[in-house]
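Below is one structure, written out as structure tokens, with a few remarks after it.
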Amino acid sequence: MYNSTEPARPWRPTLHETRIYNYLYSLVDIQHSGIVSELSVRELLNKSCLAPAYTHKIWLLATGGSGTTQMSKREFYTAMKLVSLAQSGRPLSLAIVSEFTSPPVFSGIDANKASPSANRSSVLRYSPQPTIDLDNIISSARYSTSESSLASTVGT
């Protein structure tokens, strides 16, 4: 029923998932410490309407089964993805966390508050940003500029 196999490649939440998970994380990380307690996460998991056996397994999978009573932000994101998988009827497995699922649903929590317009500053603070290799761009620009200036001096 449960499969803890690691995914073939590291999973990264989509921008939409990140917005929702950030909002949910803000509800459980009251002290803004970056680490949340098992109690606060379990209170949220209980609102998922999943059986206690599922929420227990979600905690174990997300934390690596270490028996810890705290969860990092990355582990929390994984737990939220596992909730989505369970709510959509899929098996609880780290091997399939990269599959598309609807966002997790929690009783009494409006995920629409996670929209970009609802709280732009906190959403953008934690959103993954695309990376640009500026060194290669600058090197290419310099090479192109030196080639064109060399061509203009040779041609005159």
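The values are calculated or read from the model by the stated rules, or taken from the named source; none is laboratory data. Since the structure is predicted, the reported quantities are computational estimates derived from the model, not experimental observations. Glycine also receives a Cβ, built like all others from the backbone with ideal geometry; neighbour counts cover every protein chain displayed. Accessible surface areas use protein heavy atoms only, side chains included; no ligands, DNA or RNA. Shrake-Rupley method; radii C 1.70, N 1.55, O 1.52, S 1.80 Å.
Computed in the context of the full set of protein chains, the accessible area of region 48-111 at 1.4 Å probe radius has 56% of its extent on carbon or sulfur. By its C-alpha gyration tensor, with a ≥ b ≥ c as the square roots of the eigenvalues, how is region 16-73 shaped: rounded for a/c under 1.5, else prolate for a/b larger than b/c, else oblate? Oblate. Accessible surface for His16 stands near 110 Å², nearest 10, in the context of the full protein assembly shown (1.4 Å probe).
Take each peptide in 20-27, 51-58, 102-109, count the other Cβ atoms within 10 Å of every residue, and average; sorted highest first, the result is 20-27, 51-58, 102-109. Taking every protein chain into account, the 1.4 Å probe leaves Lys73 with about 40 Å² of accessible area, to the nearest ten.
Rounded, prolate or oblate: which fits region 1-103 when a ≥ b ≥ c are the square roots of the eigenvalues of the alpha-carbon gyration tensor, with rounded for a/c under 1.5 and prolate only if a/b beats b/c? Verdict is rounded for region 1-103.
Scalar couplings 3J(HN,Hα) for region 30-35, obtained by applying the Karplus form with A = 6.51, B = -1.76, C = 1.60 to θ = phi - 60°, are 5, 8, 6, 8, x, 10 Hz; x denotes Gly and Pro.
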